[in-house]
Structure formats: C-alpha cells, structure tokens
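Down below is the structure, laid out as structure tokens.
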Amino acid sequence: VLYNVKENSTYSQEDYEKMIVQDQIKRAKSRGLDIISRSSKSKMQIKTTLRREGYINEAIDTAIVFLENYEFVDDKKLANHIAKNTASTKKWSKRQMVSKLMEKGISKDDIQVASQLIDDDQEMNNAIYHAEKKFKSLSKSKPFEERLTKTAQSLGYKGFSYDVITKALEKIKQNYEE
C-alpha cells in the first residue's frame with residue numbers, strides 16, 4: 001500500500017493531489033506496458049494513447065521514461081526494424097516507408113538512418129513487383145501505352161521516384177511488349 005489510507009480519515013487537498021498523481025503514474029506505467037505488449041510502438045504513439053485515455057502529462061512523461069529505461073521503447077530500433085523487415089515484406093518504396101515512420105512520430109534523424117537501410121536494388125524489385133501486378137490487372141483490351149501510363153501512375157501513388165518508375169516500366173516493356 002503506497003498510502004496508508006484508512007476509512008473515515010481526512011486528508012489535505014495537497015496530500016490528496018499527491019495520491020492522485022502517484023496513482024496516475026502507476027497506472028500509466030502499467031498501461032504503457034500493456035500497449036507495447038501487443039506490438040512495438042513509438043514514443044509518440046504511446047503518448048497519444050495515454051493522453052487520449054485521460055492520463056495527466058506528468059504520468060505520461062514518467063511512463064515514457066520508465067519504458068525507455070527498460071528499453072521497451074526505442075524509436076531508432078523501431079525505425080530500423082520497419083526499414084529492414086516491414087518495408088521489404090510489404091514491398092514499400094522508400095518514400096512510403098518514410099511516410100509510415102513519420103506517422104508513428106519517429107524523429108527525422110532516425111528516419112534518415114533507417115531509409116538508408118533500404119538499398120536501391122530492393123526498392124527497384126519492389127517497384128517491378130507492383131508494376132507487374134498493376135499491369136496484369138489492367139484489361140488487355142486497352143492500348144499498351146494506356147496500360148503503361150496507368151501503371152506509372154500507380155507506382156507514383158505508391159511513392160516510387162521517377163527514375164525507379166522509368167526503370168520498372170522498361171522492364172515491363174521488355175516482358176510484355178506486344
């Protein structure tokens with residue numbers, strides 16, 4: 001028992017507020033652990049969740065420090081993990097990965113380091129995968145150039161650079177030229 005609270009006891013407003021803060025801190029730490037038990041989260045995601053659930057700022061900050069001290073929350077590791085694994089399995093472009101990391105509230109420095117983990121060959125392979133998938137899904141009754149244009153638009157929407165799109169379309173032309 002943190003406070004020796006007894007029935008029919010009275011406490012000063014100051015003591016009562018200290019009890020509330022300590023209780024909030026304890027609950028925020030526990031909730032923070034619960035949040036990361038399901039999947040890795042960034043500091044910002046945890047802060048947002050705790051804030052949305054009504055925790056006070058002091059409790060949120062203390063919970064984040066607690067999670068960082070035990071290395072349960074590390075934005076740099078999270079960014080690197082996403083760059084190495086998720087971006088390749090989901091076939092993301094570098095821009096798409098950067099966008100996802102920014103949504104998670106990861107710092108620009110950590111994002112820059114993580115984006116260097118995706119090599120140009122991997123991004124090119126991802127672009128070719130998406131280009132072939134899109135090209136095959138388009139009706140063959142449409143003109144070849146129109147299908148190429150729609151494929152290029154699709155790749156652009158997914159965040160691939162102009163150079164990568166051009167190379168991927170060259171590959172499509174080689175494989176599917178009528």
Q.
Which order do you get for Lys90, Lys26, Lys47 if you rank them by accessible area with a 1.4 Å probe, largest at the top?
A. Lys26, Lys90, Lys47
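If I stretch the segment between Lys108 and Asp15 completely, what's the gain in nm (0.36 nm per residue apart, minus their alpha carbon distance), one decimal? If you can, show how the numbers build up before the last one.
On the way: separation 93, 0.36 × 93 = 33.48 nm, distance 4.21 nm.
Length difference between fully extended and current span is 29.3 nm.
Under the Kirkwood approximation applied to all pairs of distinct alpha-carbon atoms, what is the hydrodynamic radius of segment 78-178 in Å? Let's see the in-between values first.
Working: mean 1/r = 0.0709 Å⁻¹.
Taking every pair of different Cα atoms in segment 78-178, averaging 1/r and inverting gives 14.1 Å.
Provide the FRET efficiency to the nearest 0.05 for the Asp119-Gln153 pair, computing r from the beta carbons and using R0 = 25 Å.
The formula returns an efficiency of 0.50 here.
Provide the FRET efficiency to the nearest 0.05 for the Ser139-Asn175 pair, computing r from the beta carbons and using R0 = 22 Å. Working shown, then result.
Working: r = 18 Å, r/R0 = 0.81.
So, using R0 = 22 Å, E works out to roughly 0.80.
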Q) Charges only on Cβ, +1 for Lys and Arg, -1 for Asp and Glu: so what's the dipole of the chain about the Cα centre, in debye to the nearest 20? A) 820 debye
Q) Just how far, in whole angstrom, is segment 22-85 from segment 120-163 if you go by their alpha carbon centroids? A) 39 Å
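Given only helices, namely DSSP H runs of n ≥ 4 each adding -39500 (n - 2.57), what is the per-residue ellipticity at 222 nm of the chain, to the nearest 500 deg cm²/dmol? Write out the running numbers ahead of the final one.
Values: 9 runs with 121 residues, N = 178.
So the calculated ellipticity at 222 nm is -21500 deg cm²/dmol.
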Q: Ignoring everything but the protein chains, give the 1.4 Å probe accessible area of Glu14 in square angstrom, nearest 10.
A: 120 Å²
Q | Diffusion constant of segment 1-83 at 4 °C, which comes from Stokes-Einstein with the Kirkwood Cα-pair radius and 1.567 mPa s, µm²/s | A | 92 µm²/s
Q | Lys, Arg +1 and Asp, Glu -1 on Cβ, resulting dipole of segment 96-178 about Cα centre, debye, nearest 20 | A | 500 debye
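Based on the Cβ-Cβ distance of Ser39 and Tyr129, what FRET efficiency does E = 1/(1 + (r/R0)^6) give at R0 = 25 Å, to the nearest 0.05? Please list the in-between numbers first.
Details: r = 25 Å, r/R0 = 1.01.
With a Förster radius of 25 Å, E is 0.50.
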(Q) If I compute Cα Rg over 2.2 N^0.38 Å from the structure I just sent, which labelled value in (i) 0.99; (ii) 1.57; (iii) 1.13 lines up? (A) (ii)
Q. Residue farthest toward the positive end of the dipole of segment 98-161, with Cβ of Lys/Arg at +1 and Asp/Glu at -1: which of Gln112, Thr151, Ser139?
A. Ser139
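Note down the magnitude of the dipole of segment 1-51 about its Cα centre, charges +1 on Lys and Arg C-beta and -1 on Asp and Glu C-beta and zero elsewhere, to the nearest 20 debye.
520 debye
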Q. Among Ser139, Ser37, what's the order by accessible area (1.4 angstrom probe), most exposed first?
A. Ser37, Ser139
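The values are calculated or read from the model by the stated rules, or taken from the named source; none is laboratory data. Quick caveat: nothing in here was measured; it's all calculated off a predicted structure. We place every Cβ from the backbone using ideal geometry, glycine too, and count neighbours over all the protein chains shown. In case anyone asks, the SASA skips ligands and DNA or RNA and just uses the protein heavy atoms, side chains included. Shrake-Rupley method; radii C 1.70, N 1.55, O 1.52, S 1.80 Å.
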